[in-house]
1. Just checking: which of the strands (runs of 3 or more DSSP E) contained wholly in segment 116-193 hold 2 or more residues that are under 29 Å from Asp331 (Cα atoms) and not aromatic (Phe, Trp, Tyr)?
2. Within segment 331-374, which residues are exposed (fewer than 14 other Cβ atoms within 10 Å of the Cβ) and in contact (Cβ under 8 Å) with a residue 60 or more places away in the chain?
3. Could you identify the single residue in Ala386, Ala392, Ala328 that is touching a strand residue (DSSP E or B) at 6+ places or on another chain (Cβ under 6 Å), buried (at least 16 other Cβ atoms within 10 Å of the Cβ) and closer than 26 Å to Glu81 by Cα?
4. So which of Arg110, Arg127 is within 19 Å of Met1 (Cα to Cα), in the same structural domain as Arg25 (by TED's automatic domain parsing), charged (D, E, K, R) and touching a residue at least 24 places away in the same chain (Cβ under 8 Å)?
5. Would you please list the contacts, defined by Cβ atoms under 6 Å and residues six or more apart or on different chains, that run from a residue in segment 55-78 that is assigned by TED's automatic domain parsing to the domain that holds Phe42 to a residue that is part of a helix (DSSP H, G or I) and among the β-branched types (Val, Ile, Thr)?
6. Is it the case, given these coordinates, that Ala328 is in contact with a Gly (Cβ under 7 Å, 6 or more places away or on another chain) and among the small types (Gly, Ala, Ser)?
7. Among the listed residues Asp162, Asp222, which satisfies the condition of being assigned by TED's automatic domain parsing to the domain that holds Ala30, within 19 Å of the chain's Cα centre (by Cα) and at pLDDT below 95?
8. Hey, does segment 303-323 have a residue that's buried (at least 22 other Cβ atoms within 10 Å of the Cβ) and among the aromatic types (Phe, Trp, Tyr)?
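The values are calculated or read from the model by the stated rules, or taken from the named source; none is laboratory data. What you see is a predicted model; the values in this text were computed from it and never measured. Glycine gets a Cβ as well: all are built from the backbone with ideal geometry, and neighbour counts include every protein chain shown.
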Amino acid sequence: MHTLQDWLAHAERLHERPIELGLERVRAVAGRMGLRIEAPVFTVAGTNGKGSTCAMLESILLRAGFRTGVYTSPHLLRFEERCRLAGQPVEPGDLLAGFECVERARDEVRLTYFEFTTLVILHTLARAGPDALVLEVGLGGRLDAVNLIDADCAIITSIGIDHAELLGTTREQIGREKAGILRTGRPAIVSDPAPPQSVIDHAREIGADLWLAGRDFHVTSDRQQWAWAGRERRYPGLAHPALRGANQLLNAAGALAALEAMRARLPVTAHAVRAGLALAELPGRFQVLPGQPALVLDVAHNPHAVNALAANLDAMGFYPGTHAVFGAMADKELAPMLARMDALADHWYFTDLPTPRAAGAQALHEIWRGLTRRKDATARVFASPAQALDAATASAAPTDRILVFGSFYTVGGVLERGVRR
């Protein structure tokens, strides 16, 4: 195995299941690797808003002069997007030593793809010696491979129902899993304005330093600006974050609370905060591309995220027609997502995706047809996101808007060839 693609294919073959929660395997292999993290660690868990929170933390820390290391998942186009150093994805070759190290250390341990690659990226980041690490939890928290690393500051973003077959069917059950990233005596930032009681209870049980939105930090806003106040610091007159959407203020508030909680080790200035929020980037999160017709990209792939997407679309104002390109995984709650968007989407372009986990375009069409209340809406099926977008572009008037949403594969399938505007 000589290339990144060789190693990724090898990692996919090791375990018969794509997901198997638990820390025993990764902990054993990490011990044999001698994996050690020296830098302060922010760990971010939640149902939605994790990637945005990580992006804002990274951007502010960079403007404060710190060299950052960031691990997020999944990726949109290339695997190496998951591992960023100093704000840039690593080169594919930079990961090869990590793959070799994990392979030597695992012996007969059968790691899942996510476990194997998480250890690779942690090895790569540890060797680079950054000033601060930002780690996004993949699924849940308590049993996710990222939780192998003790967080110096844990952040829990908004919590909704997703991966119910693994995490539980209620917000209380899921909140308890997310709370597994909290550590005794260390900051626990909860940016969900109405968190499950299970999160609060667990933080108190273990003696974490709990920061709650509305109690320990506060946000006020209007259309022109917003303000943040924490336990000791205040940031008045902030420009709205570069990441679009009303929900981004919640994510930004959590990021600022985390930075205040860690200010003794990672001091940031007000200028770094303002510049970092203004320059944060994260493709595919209510990303509105310039040109006509308007083009919106969003990886909303559960009902909680689709609710936020619908609210953000309403706030964009009037468009004569909305053309929706949609593809998603078969294990998602498809009917609630389609029902929520029924009134907003006038023309649907359902697409197949290049993974066996995906729902077929025809299956999506059948679900939509069984629940739509629209007599005037249309729907078609396509073999790929790119073909679906081409059809939407051909049909849309200049004053319409096109929405591409659902899986990372859907948005990535549109971005991989470049978007012509």
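1. Answer list for segment 116-193: 132-136, 153-156.
2. Hit for segment 331-374 is Arg357, nothing else.
3. Ala328
4. Residue meeting the stated conditions: Arg110.
5. As it stands, the answer is Ile60/Val273; Tyr71/Ile121, since those pairs meet every condition given.
6. Spelling it out, Ala328 is indeed in contact with a Gly (Cβ under 7 Å, 6 or more places away or on another chain) and among the small types (Gly, Ala, Ser).
7. Selected residue: Asp162, the only one of Asp162, Asp222 that is assigned by TED's automatic domain parsing to the domain that holds Ala30, within 19 Å of the chain's Cα centre (by Cα) and at pLDDT below 95.
8. no
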